[in-house]
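Nothing in this text is a laboratory measurement; each read-out follows from the coordinates by a stated rule. Keep in mind the model is a prediction, meaning the values are calculated, not measured. Every residue, glycine among them, receives a Cβ derived from its backbone with ideal geometry; neighbour counts consider all protein chains shown.
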Ligand code: FPP
Ligand code: MG
């Protein structure tokens, strides 16, 4: 089947679809065509709105914002929001506006995150902070945050309370993560709180609000919320494993380790290899030359496979919640997207 490319990233599906041969590739290309048929027009509109909104405001804030936003990205959050709406009804202009909000918030957090983490590369290019400086990157994030709040107020004022709570979770997750720089904390509870705060909260907002504006019952809205939370957790688990295993994420390899960031591959590897905790303490104390050894030990411990196994498990639970809402083409696509995100290798 010949599929016209989507104007947006949707890379988990489109990259895999173009690289896979045989039955699996064909199945994926078919799903991509279905996304195209179901929400392709809406995604194009979301993309146009994103470009317009991120241009609003004074330069150089807008330049830094557009440096990030116009480089694409997977657009996973808007896509799941639109598909969540399509599970229950028509995809209205309100759903499209909220899909833009989801990506604006995500972009704002990345502009801040790259300052906090001193990130050098994102989406295969130098980060906005490297091009425009830290101060501009922070203010560009603020600009996008304000656009997101204004757009929500215009599109669905009742969604603001939920969004503010979600923003609180995002910030809270990041702050808890930051504690790891002061003292080494290899507890699963801390890692879980970070993951749910900084990543799963926005996924869950997107699927829940999508369902709400699509006309879902409160019970189905909660199911979509649980689905979003699960795929958010799985997404971050895979991201954290990729920090050790992939050189093609468009980000700097071992960035998490360099930043003293606690992630599950480290937690699991430290449980299996008693030599790791002292090495990590050394990295904490600035002995960065030990990073290669830590990476080798993490890989040898099989921790990344274990993390992927846990991501599969969380995804399966998320899919069970999704399976309880009425069957529809959109539900099938959410199912496929969740599996694809968890299986991604870059
Ligand atoms: C990326 O994680 C960062 C996040 C998922 C959230 C960042 C949130 C904030 C900075 C606080 C909230 C900000 C606003 C504007 C409300 P990562 O660093 O693990 O991933 P990466 O490898 O992509 O950098
Ligand atoms: Mg980061």
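Say R0 is 35 Å: what FRET efficiency, to the nearest 0.05, do residue 188 and residue 161 get from their beta-carbon distance?
0.70
Across region 100-166, what fraction of all alpha-carbon pairs, as a whole percent, falls in each successive 5 Å bin from zero upward?
Answer for region 100-166: a P(r) of 4, 19, 25, 20, 13, 10, 7, 1 percent.
From the mean inverse distance of alpha carbon pairs (Kirkwood) and the Cα radius of gyration, derive Rg over Rh for region 226-346.
1.07
In the Gaussian network model of the chain, springs joining C-alpha atoms below 10 Å, which of 206, 65, 321 carries the largest mean-square fluctuation?
321
Please arrange 331, 75, 296, 130 by counting, for each residue, the other beta carbons lying within 10 Å of its beta carbon, fewest first.
Starting with the residue having the fewest Cβ neighbours, the order is 296, 130, 331, 75.
What number do you get for the chain when its Cα radius of gyration is normalised by 2.2 N^0.38 Å, N = residues?
0.97
How tilted is helix 76-86 with respect to the longest principal axis of the chain? Cα atoms for both, answer in degrees (0 to 90, nearest 10).
Orientation of helix 76-86: about 30 degrees from the principal axis.
If you average 1/r over all unlike Cα pairs in region 44-187 and invert the result, what Kirkwood radius do you get in angstrom?
Result for region 44-187 stands at 15.9 Å.
Which length gain, in nm to one decimal place, applies between residue 33 and residue 258 when the Cα-Cα distance is subtracted from 0.36 nm times their residue separation?
Additional length available on full extension: 77.0 nm.
For a quick check: sort 52, 295 by the number of other beta carbons within 10 angstrom, fewest at the front.
If I rank by nearby Cβ atoms, fewest first, I get 52, 295.
Under a crude label model (7 Å from the Cα following the beta-carbon direction), how far is residue 313 from residue 285 in nanometres?
About 3.5 nm, to one decimal.
In degrees between 0 and 90, to the nearest 10, how far off the longest principal axis of the chain does helix 303-323 point, with axes built from Cα atoms?
20 degrees
Based only on Cα atoms, what Rg/Rh ratio does region 137-209 have, Rh being taken as Kirkwood's radius?
Dividing the radius of gyration by the Kirkwood radius yields 1.06.
Could you give the nm distance between label points at residue 343 and residue 125, where each point is 7 Å from its Cα heading toward the beta carbon?
3.1 nm
Which order do the peptides 185-194, 81-90, 262-271 take when ranked by the mean count of other beta-carbon atoms within 10 Å per residue, highest first?
Descending mean neighbour count gives 81-90, 262-271, 185-194.
Taking the mean number of other Cβ atoms within 10 Å as a proxy for protection, how do you rank 118-125, 283-290 from highest to lowest?
In descending order of packing, they fall as 118-125, 283-290.
Can you divide the C-alpha Rg of region 289-338 by 2.2 N^0.38 Å and report the result to two decimal places?
1.76
Return one number: the angle in degrees, 0 to 90 and rounded to the nearest 10, between the long axis of the Cα atoms of helix 329-343 and the longest principal axis of the Cα atoms of the chain.
For helix 329-343, the angle is close to 10 degrees.
Between residue 181 and residue 272, how high is the FRET efficiency from 1/(1 + (r/R0)^6) when r is the Cβ-Cβ distance and R₀ = 25 Å? Nearest 0.05.
Taking R0 as 25 Å, the efficiency between residue 181 and residue 272 is 0.55.
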